[in-house]
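Remarks on the structure that follows.
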Amino acid sequence: MKTFAYDVATDVDDAVARLGADPDSALLGGGTNLVDLMKLGAAEPSSLIDVTKLPLGEIEVAGDGALRVGAAVTNSDLAVHPVVRSRYPVLSRAVLSGASGQLRNMATTGGNLFQRTRCVYFMDASKPCNKRNPGSGCPAIEGEHRNLAILGASDHCVATHPSDMAVALTALDTVVDITGPHGQHRVPIGELYRLPGHDPDLDTTIGHDEIVTALEIPALPAGTVSTYRKVRDRASYAFALASVAAVLRVEDGQVTEARIALGGVAHKPWRAITAEGELLGRLARPEVFREAIDLELKAAKPLRDNVFKIPLVRNLVTQTLTELARQEVSE
Ligand SMILES: Cc1cc2nc3c(=O)[nH]c(=O)nc-3n(C[C@H](O)[C@H](O)[C@H](O)COP(=O)(O)OP(=O)(O)OC[C@H]3O[C@@H](n4cnc5c(N)ncnc54)[C@H](O)[C@@H]3O)c2cc1C
Ligand code: SF4
């Protein structure tokens with residue numbers, strides 16, 4: 001592993017200043033992704049700025065009912081918080097579906113947002129990879145891509161975003177608080193993540209000298225129900241082949257609110273806007289859910305070995321929405 005400096009940030013401005021002073025520096029959360037990549041030689045920061053001691057470890061309910069989650073809150077604490085479990089089961093289930101208990105005890109909310117893709121070429125420093133080494137090529141397109149993207153990919157990268165938590169946060173219309181050298185600003189999570197396009201080395205729109213301090217998750221409208229479902233190769237300790245975070249409200253048998261975010265299918269959590277629009281005002285029936293997700297999947301461009309994700313997503317979304325609609329009726 002390359003030698004690196006280690007400092008503990010004394011406050012948020014100190015972290016921002018340290019980031020600005022060294023273009024090869026990196027923030028350190030729980031280290032469960034970054035340190036692994038450093039051991040593999042796939043990340044080589046010259047200095048680590050530990051942000052786990054900053055006062056960003058609180059979960060609070062704001063006056064308008066929104067939930068504010070500090071960036072240093074651990075994944076374990078987030079998943080079991082009583083308000084998260086009762087009001088946002090989609091988020092609690094998504095976080096608990098990821099990694100293991102030990103890892104979730106270490107991993108932070110901020111770090112989870114910015115974990116890197118699990119594309120095998122990205123993690124193997126001996127291989128070309130446009131994301132790790134821009135311009136070197138994308139061997140995954142012709143190589144090992146079973147777990148990679150079917151939506152929104154480019155000729156330069158077909159990676160998928162690995163976070164389960166971020167998929168749930170996308171369905172929840174979360175807003176991300178960011179502090180940089182010019183002060184604070186807020187970004188809807190849909191604008192934080194990006195598609196690979198010509199520059200897949202950029203996973204997100206955040207600047208190098210910026211830090212996420214908190215998330216704000218708006219209260220869900222009355223009468224909505226939500227859940228997260230994930231399909232993977234093993235029952236635990238595996239990333240999603242496909243996943244869905246869904247929020248649904250059914251009134252008099254008709255869909256009056258539908259939010260669908262997909263994981264394991266794109267370079268970012270994929271908000272299924274087309275399907276959502278198709279569902280509004282329609283009867284909450286399996287055939288309607290299937291029709292809506294099929295419209296979304298028209299944009300899919302699967303690779304040789306991941307065509308299976310199309311029927312997988314279709315069945316996953318149809319079944320998940322059908323179960324949510326039943327839950328709605330029984331409440
Ligand atoms: C074996 C294994 C299995 C896993 N399975 C899953 C899974 O199934 N699903 C899943 O979602 N995840 C899974 N994970 C990934 C795990 O969730 C992430 O490693 C973890 O969430 C990262 O959080 P961290 O605090 O350790 O981040 P770190 O590793 O410390 O940092 C990750 C990135 O975030 C940046 N960062 C940290 N804090 C901030 C901040 N406040 N603002 C801006 N940038 C910041 C860092 O600079 C770094 O680039 C798995 C990990 C392992 C090792
Ligand atoms: S899919 Fe993306 S991350 Fe994987 S090898 Fe290609 S460029 Fe690298």
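At-a-glance table
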| quantity | calculated |
| --- | --- |
| Potential lengthening between residue 195 and residue 10 on full extension [0.36 nm per residue; Cα-Cα distance subtracted] | 63.2 nm |
| For region 77-95 and region 143-199, distance of Cα centres in Å | 21 |
| Selected from 253, 297, 237, residue furthest toward positive end of dipole (region 225-330; charges at beta carbon) | 237 |
| Summed residue charge, Cβ within 13 Å of residue 51's Cβ, Lys/Arg positive, Asp/Glu negative | -4 |
| Trypsin sites (Lys or Arg not before Pro) restricted to region 242-331 and DSSP loop, no more than 13 other C-beta within 10 Å | 298, 304 |
| Calculated [θ] (222 nm, deg cm²/dmol) that DSSP helices of n ≥ 4 give over the chain, each run adding -39,500 (n - 2.57) | -8500 deg cm²/dmol |
| Residues in region 288-305 that a label on residue 142 would reach, taking backbone N under 19 Å of a point 7 Å out along Cα→Cβ | 302-305 |
| Region 1-95: trypsin sites (Lys or Arg not before Pro) falling in loop per DSSP and having at most 12 other Cβ within 10 Å | 2, 53 |
| Cα centre as origin, Lys/Arg/Asp/Glu Cβ charges: the chain dipole, Debye | 1160 |
| Label-point separation in nm, residue 133 to residue 17, each point 7 Å along Cα→Cβ | 3.7 |
| Loop sites in region 127-158: trypsin sites (Lys or Arg not before Pro), DSSP, at most 16 other Cβ within 10 Å | 146 |
| Linear extension gain, residue 1 paired with residue 126, 0.36 nm per residue minus alpha-carbon span | 43.6 nm |
| Local electrostatic count, residue 123, Cβ distance below 11 Å [Lys/Arg +1, Asp/Glu -1] | +4 |
| In nm, spacing of pseudo-spin labels at residue 105 and residue 61 (7 Å Cα→C-beta vector) | 2.9 |
| Local electrostatic count at residue 29 - Lys and Arg +1, Asp and Glu -1, tallied over other residues with Cβ under 14 Å | 0 |
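Every read-out reported here was derived from the displayed coordinates using simple, explicitly stated rules and does not represent laboratory data. It should be emphasised that the depicted structure is a prediction, and the values quoted were computed from it without experimental measurement. As a convention, Cβ positions derive from the backbone with ideal geometry for all residues, glycine included, and neighbour counts pool all protein chains shown.
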